[in-house]
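For reference, the structure discussed in these notes is given below.
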Amino acid sequence: RVSRGRAVNGVCSHSGRCEVDARAVDVSWLDIRVGVITAAEAHPESDKLYIETIDLGEPAGPRQVLSGLAQYLPIEAVRGARVVVLCNLGAKKLGGVESQGMVLCAKSEAGLGFVTPPDAAPVGERVCFEGFPGEPESNPKRIQKKKAWETCMPDLATDAEGVACYRGVPFATAAGKCTAAIKSAPIS
């Protein structure tokens, strides 16, 4: 739909015409990538948080990500772990320290476990979902405004085999499906 004047939920073109963004919010909005935790330490002011350094294959270098894993996993299990990371939420302070992403985990009464990519998946590869094409939203403010994470999160879960899925569609890399040790559990 095109209208004259200011954009309403859309983007203005150079001609001054505004195109309304009709793309529905789904998992394709999320930039989920393969990473490896190269370092981890306890947060100095929180007994629940770890401060992790995660290599996502970005030219700018590794990201600092804070995760509430301390009550579930020993720090030795975190260091060196291959993980998938939600990268386009925008920086946020947790316990006064900036976090630049979110490590995705499956959690149930049985415990908590990382969503892990296949061993052959290269660091930095984007996780894709068959039937949900499109590039991830690059503007963290739009992710927040459209509540993309909040919209998608209820549909993220592991299946009975431990395969991480969105609405039953596996998290996929060129090397195969992402999995978690915690089966039939929500992912966040």
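The values are calculated or read from the model by the stated rules, or taken from the named source; none is laboratory data. Computed from a predicted structure; not experimentally measured. With ideal geometry, Cβ positions are generated from the backbone for all residues, glycine too; neighbour counts draw on all protein chains shown. The protein model used for the area step is the full one, side chains on, heavy atoms only, and it has no ligands, DNA or RNA in it. Shrake-Rupley method; radii C 1.70, N 1.55, O 1.52, S 1.80 Å.
The stretch 34-61 and the stretch 68-114 have Cα centres spaced 8 Å apart. With contacts taken as Cα pairs under 8 Å and at least 6 residues apart, the chain reaches a relative contact order of 21 percent. Taking the protein heavy atoms of the stretch 15-115 in the context of the full set of protein chains, the accessible area attributed to carbon and sulfur is 50 percent at 1.4 Å. Farthest towards the positive end of the charge dipole of the stretch 98-162, among the residues 115, 103, 136, is the Cα of 136, using unit charges on the Cβ of Lys, Arg, Asp and Glu.
Would you please classify the overall shape of the stretch 46-124 from the alpha carbon gyration tensor, given that a ≥ b ≥ c denote the square roots of the eigenvalues, rounded means a/c under 1.5, and beyond that prolate means a/b larger than b/c while oblate covers the rest? Here the stretch 46-124 falls in the oblate category.
Remark: the chain carries 53 Å² of accessible area per residue (probe radius 1.4 Å; ligands, DNA and RNA excluded).
Counting 0.36 nm for each residue step from residue 141 to residue 92 and taking away their Cα separation leaves a gain of 16.4 nm. Let a ≥ b ≥ c be the square roots of the eigenvalues of the Cα gyration tensor of the stretch 34-171; is it rounded (a/c under 1.5), or, if not, prolate (a/b larger than b/c) or oblate? Rounded.
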